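A.B. asks: There's a structure below that I have some questions on.
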Amino acid sequence: MSVNSPPSNIPFNRPFFSGREFEFMQEAIGNWQLSGDGAFTRKCHALLEADLGVSKALLTTSCTHALEMAALLLDIKPGDEVIIPSFTFVSTVNAFVLRGAVPVFIDIRPDTLNLDESQLERLITPRTRAIVVVHYAGVACEMDQIISIAESHKVAVVEDNAHGLFGKYNGHYLGTFGCLATQSFHETKNFTCGEGGALLINDPRYVERAEIIREKGTNRSLFFRGQVDKYTWVDVGSSYLPSDILAAFLYAQLKSRPTIQAKRKAIWEYYNEELEDWAGRFGIERPYVPEHCQQPYHMFYLLLPSLADRQALIDHLNRQQINSVFHYLPLHLSSMGRQFGGREGDCRVSESVSDRLLRLPFYNDLTEADQRRVVSAIKEFKCL
Ligand SMILES: Cc1ncc(COP(=O)(O)O)c(C=O)c1O
């Protein structure tokens, strides 16, 4: 089986095939197991657990669903407050709002664009149940301070690590700090199976219930391991496990980690070096990665001086068939966010960054020639 040649424009994202996806998918089909938790799901679990050093990894149908599992596992109830950055994807907040939680939006730091830990104490109340951190672009939040504040208030920390698989903070993998963490294997991520995710469990007390919630509220996993003689409905739950065919695709990608990460590192460093002078001339910021953070090279973005400059650069690149994209709109100013009391000025950094951030084409097979084309097109651009 082969894939048609890609179109000649430069997209923002293009899926990558590491080479063994079809072989492993055929093997999954040959195993006569198309549903979830087959041999390839178990291989992905074992690889993630061994590489990251987490107690338990469970593949899910998406990061969104892994976040929903986290909210169920934490027993979030109506009226509970959950602190969440305004500058994130809608699933980070929806998972908790589905359980009746009240989102409390926190602003981000202007350097890493991560949750501003200095504002946490001010936002914690007796109703706060969890802090959800998002490692933006896979660059770590300040986890030492966050964990110590959370512990002193007995509040859970969940890491939405959709961008940050294999990123590190002070030498430890992201996804190993919170009691629970979530990963995304959506097509835009470093490792993909089209749509997919994982729940990482660092507090072993959650493991048994997580297996039940993931399997429609039944103790089917215990049954398959011979730990009970029949399986039945024991808790709330849903169907959060992906087909073993998708797990086979993902396994091929995870096995190619060195190749994938080397390609992405080279792309990120090329943008960073080539655009340094041009960015400096126009007061444009490039991503900031603190010394103690090891990034997984998920994304390369620019922070333009204004919304008008950002739009002008998008248009300039579009005219040359180069697709660049903005990112999150602040959640506190969305129509749902406003229903929870969000107003202009609540999270000023999120508001400003959301207007000015532009993500450049970034995918594993971005060729040197295409990247040169992107860079020279950008260098022709002058801010307004
Ligand atoms: C921070 C963050 N969390 C969660 C998600 C949702 O991931 P998924 O598409 O796997 O549900 C995304 C999507 O890109 C994201 O950026």
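Taken together, the values in this text are just the output of simple stated rules run on the coordinates, not laboratory data. In this text, all values refer to a predicted model and were calculated from it rather than measured experimentally. Cβ coordinates were reconstructed from backbone atoms using ideal geometry, including for glycine residues, and neighbour counts include every protein chain displayed.
A.B. asks: I'd like the FRET efficiency for GLN227 and ARG338, computed as 1/(1 + (r/R0)^6) with the beta carbon distance as r and R0 of 41 Å, rounded to 0.05.
C.D. replies: Calculated value: 0.30.
A.B. asks: Continuing with the same structure: Please check which bits of the stretch 205-228 a label hung off ASP235 would reach, taking the label as a point 7 Å along Cα-to-C-beta and the cut-off as backbone N under 17 Å.
C.D. replies: Answer for this model: 205-225, 227-228.
A.B. asks: Moving on to the next point. Of the beta bridges DSSP finds with both residues in the chain, what % are antiparallel, to the nearest 5?
C.D. replies: 55 percent
A.B. asks: Determine the distance separating the Cα centre of the stretch 122-142 from the Cα centre of the stretch 51-65; give it in Å without decimals.
C.D. replies: Result: 19 Å between the Cα centres.
A.B. asks: Once you list every other residue whose beta carbon is under 13 Å from the beta carbon of GLY30, what net charge do they have if Lys and Arg are +1 and Asp and Glu are -1?
C.D. replies: My count for the surroundings of GLY30 gives -3.
A.B. asks: Still on this model: What percent do you get for the relative contact order of the stretch 195-324 when only Cα pairs under 8 Å and 6+ apart count?
C.D. replies: Result for the stretch 195-324 is 14 percent.
A.B. asks: Taking R0 as 25 Å, what FRET efficiency do you get between ALA266 and HIS316 from their Cβ-Cβ distance, rounded to the nearest 0.05?
C.D. replies: 0.50
A.B. asks: Based on the Kirkwood radius over alpha-carbon pairs, what is the Stokes-Einstein translational diffusion coefficient of the stretch 309-371 at 10 °C with 1.306 mPa s viscosity, in µm²/s?
C.D. replies: For these conditions, the coefficient is 116 µm²/s.
A.B. asks: Here's another thing I want to ask about it. Write down the radius of gyration of the stretch 67-143 and its Dmax, each obtained from C-alpha positions, in Å.
C.D. replies: Rg, Dmax (Cα atoms, Å): 12.0, 34.
A.B. asks: Relative contact order for the stretch 199-272 using alpha-carbon pairs under 8 Å, separation at least 6, rounded to a whole percent?
C.D. replies: Computed over the stretch 199-272, the figure is 23 percent.
A.B. asks: Only Cα pairs under 8 Å and at least 6 apart count here; give the relative contact order of the chain as a rounded whole percent.
C.D. replies: For the chain, the relative contact order is 22 percent.
A.B. asks: In nm, to one decimal, how far is the modelled label at THR259 from the one at ARG348, with both set 7 Å along Cα→Cβ?
C.D. replies: Once both label points are built, they end up 4.9 nm from each other.
A.B. asks: Hey, another quick one. So if each residue of separation counts as 0.36 nm, and I subtract the Cα-Cα distance between PHE22 and LEU47, what length gain in nm does that give?
C.D. replies: Here the answer is 7.1 nm.
A.B. asks: Could I have the simple spin-label model distance between ARG373 and LEU123, label points 7 Å from Cα toward Cβ, reported in nm to one decimal?
C.D. replies: 4.1 nm
A.B. asks: Would you please state which residues of the stretch 332-370 a label at GLN145 would reach in this model, taking the label point 7 Å out along Cα→Cβ and a backbone N cut-off of under 17 Å?
C.D. replies: Residues passing the 17 Å test: 348-350.
A.B. asks: Next question. Would you work out the Kirkwood radius for the stretch 1-118? I mean one over the mean of 1/r across all pairs of different Cα atoms, in Å.
C.D. replies: Over the stretch 1-118, the inverse of the mean reciprocal pair distance is 18.1 Å.
A.B. asks: Taking 10 °C and 1.306 mPa s as the conditions, I'd like the Stokes-Einstein D for the chain in µm²/s, using the Kirkwood hydrodynamic radius from alpha carbon pairs.
C.D. replies: 73 µm²/s
A.B. asks: For the stretch 78-192, take every pair of Cα atoms, bin their distances at 10 Å starting from 0, and report each bin as a whole percent.
C.D. replies: 15, 50, 31, 5
A.B. asks: Could the peptides 314-327, 65-78 be put in order, highest first, of the mean number of other beta-carbon atoms found within 10 Å of their residues?
C.D. replies: Sorting 314-327, 65-78 by mean packing, highest first, produces 65-78, 314-327.
A.B. asks: Would you mind working out the magnitude of the charge dipole of the chain relative to its Cα centre, with +1 at each Lys and Arg C-beta and -1 at each Asp and Glu C-beta, to the nearest 20 Debye?
C.D. replies: Dipole of the chain, to the nearest 20 debye: 480 debye.
A.B. asks: Right, something else. For the stretch 145-160 and the stretch 223-300, what is the centre-to-centre distance using only Cα atoms, to the nearest Å?
C.D. replies: After rounding, the separation between the Cα centres reads 23 Å.
A.B. asks: Restricting things to alpha carbons, tell me how big the stretch 214-281 is in terms of Rg and Dmax, in Å.
C.D. replies: Reported Rg and Dmax, both Å: 22.6, 70.
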